[in-house]
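Comments concern the structure below.
The values are calculated or read from the model by the stated rules, or taken from the named source; none is laboratory data. None of the values given here were measured: they were computed from a predicted structure. Don't worry about glycine lacking a Cβ; one is built from the backbone with ideal geometry, like all the others, and counts go over all protein chains shown.
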Amino acid sequence: MLTGVECVPFEDAAIEAYPSVDAWQSTASVTVATMLHRWQLTAGAAFVGGISGATLRVTRADGTPAVLKVAYPHVEGKWEAVGLQALPEDLHPAVLQQDAWTWSMLLEEVTPGRPLAANGAAKDLREALIIGGRLHHGLTRAAVPNRLPRLADAMRDYSAVATDRLEAQKFELDGLGVGDVVAAAIQELSALSGSGPDGALLHGDFNPGNILDAGDGRWVTIDPKPLVGDPSYDLWPLVSQLGAPFRSSKPAAQLTEQMAIAADAAGCDQQRASRWAWARTALNVTWYLAEGNPDQARAEANALIAWSGVVGY
């Protein structure tokens, strides 16, 4: 593990400067070039798949490999560097440099770096779920940095916005067959936020693409959107995105089985984790409709119906 720097939240001014991802992308290449020069880095291959950041392999002046990440400034990502540094050192790549104004980080390279989502990264689905669950158990036991945003506050805000637009979306939601389900699941956000454990460090985007093989049986996590709250919240993307459950002939049964494995490994309440998954999927349906993306909204509606079977709605 390389020695890192003391991390701070990224600056709010950058969020205000870029009202959209498109606005940021128009200047991202200049920012990347600036940071390559400032930190005396030689650019290598870019990583693909991210839409809200530029990430590439680099070589430092002393010849050591690293990864440069320049993020799109957005509210959920403000505490990423702080969240990474708060984790036990064997669960994340070290932050070697940070520039809070440009939302840039120089990170320790993770090798081999294959994500848990990749075919063959784990021997089988069960092993992948256990790997993710155990990693999650470790990160939620970390000391929580001061001033991190709280899950309950974030969900209260999201719930209020979603509730306000339900009437305008009623025709579309009914057409997707989830009008009543979405309304009930959005209410569940408030119920979950106001109950249960609420003091754990959360990743905030614990999907299998953000879990990397660090070799010798060790796995690390990247790209957190850290929050403080109920540890059961984080398991939803891990369980949803492994094993293609929504292509199963019995998606609810597969989700139930997968959640049981992941929750047991993570030491989380399986029922609460499933309720969070149900509620968050409903939120996604409303988001995609608001963004004018009906195809993705339909996919999320189908996922919501499957999660409804898990929670018994």
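Based on this model, can you work out whether His137 counts as outside the structural domain of Phe47 (by TED's automatic domain parsing), within 24 Å of Trp79 (Cα to Cα), surrounded by fewer than 17 Cβ atoms within 10 Å (Cβ to Cβ) and at pLDDT 95 or above? Quick ask: steps written out before the conclusion?
Details: outside the structural domain of Phe47 (by TED's automatic domain parsing): yes; within 24 Å of Trp79 (Cα to Cα): yes; surrounded by fewer than 17 Cβ atoms within 10 Å (Cβ to Cβ): yes; at pLDDT 95 or above: yes.
Yes; evaluated as a whole, the condition is true for this residue.
Condition check: assigned by TED's automatic domain parsing to the domain that holds Ile131 and within 26 Å of Asp164 (Cβ to Cβ). Does Ala244 satisfy that? It would help to see each step written out before you state the result.
Numbers: assigned by TED's automatic domain parsing to the domain that holds Ile131: yes; within 26 Å of Asp164 (Cβ to Cβ): no.
Judged against the criteria, Ala244 is not a match.
One residue stands out among those in the range 1-30 that are within 21 Å of Leu87 (Cα to Cα) and in contact with a helix residue (DSSP H, G or I) (Cβ under 9 Å, 6 or more places away or on another chain): the one that is modelled with the lowest pLDDT, which is Met1. Might you let me know whether the range 71-90 holds any residue that is within 18 Å of the chain's Cα centre (by Cα), under 24 Å from Gln25 (Cβ atoms), crowded, with 20+ Cβ neighbours inside 10 Å and hydroxyl-bearing (Ser, Thr, Tyr)? Yes, the range 71-90 contains at least one residue that is within 18 Å of the chain's Cα centre (by Cα), under 24 Å from Gln25 (Cβ atoms), crowded, with 20+ Cβ neighbours inside 10 Å and hydroxyl-bearing (Ser, Thr, Tyr). Per the conditions (1) surrounded by fewer than 23 Cβ atoms within 10 Å (Cβ to Cβ); (2) modelled with pLDDT of 95 or more; (3) assigned to a loop (DSSP other than H, G, I, E, B); (4) of a type outside the set (Val, Ile, Thr), the sole criterion not satisfied by Pro145 is (2).
Annotation: Gly63 fulfils all but one of (1) at pLDDT 95 or above; (2) on the phi < 0 side of the Ramachandran plot; (3) not hydrophobic (A, V, I, L, M, F, W, C); the unmet one is (2). Out of Ala253, Ala273, one residue alone is at pLDDT 95 or above, surrounded by fewer than 20 Cβ atoms within 10 Å (Cβ to Cβ) and farther than 30 Å from Val70 by Cβ. It is Ala253.
Just checking, does the range 51-62 include any residue being exposed (fewer than 14 other Cβ atoms within 10 Å of the Cβ) and assigned to a helix (DSSP H, G or I)?
So the first thing to find is which residues in the range 51-62 are exposed (fewer than 14 other Cβ atoms within 10 Å of the Cβ), and the list is 51, 61-62.
Subsequent filtering for residues that are assigned to a helix (DSSP H, G or I) retains none.
There is no residue in the range 51-62 that is exposed (fewer than 14 other Cβ atoms within 10 Å of the Cβ) and assigned to a helix (DSSP H, G or I).
Among the residues here, Leu289 qualifies as in contact (Cβ under 8 Å) with a residue 60 or more places away in the chain, over 26 Å from Leu91 (Cβ atoms) and assigned by TED's automatic domain parsing to the domain that holds Val181.
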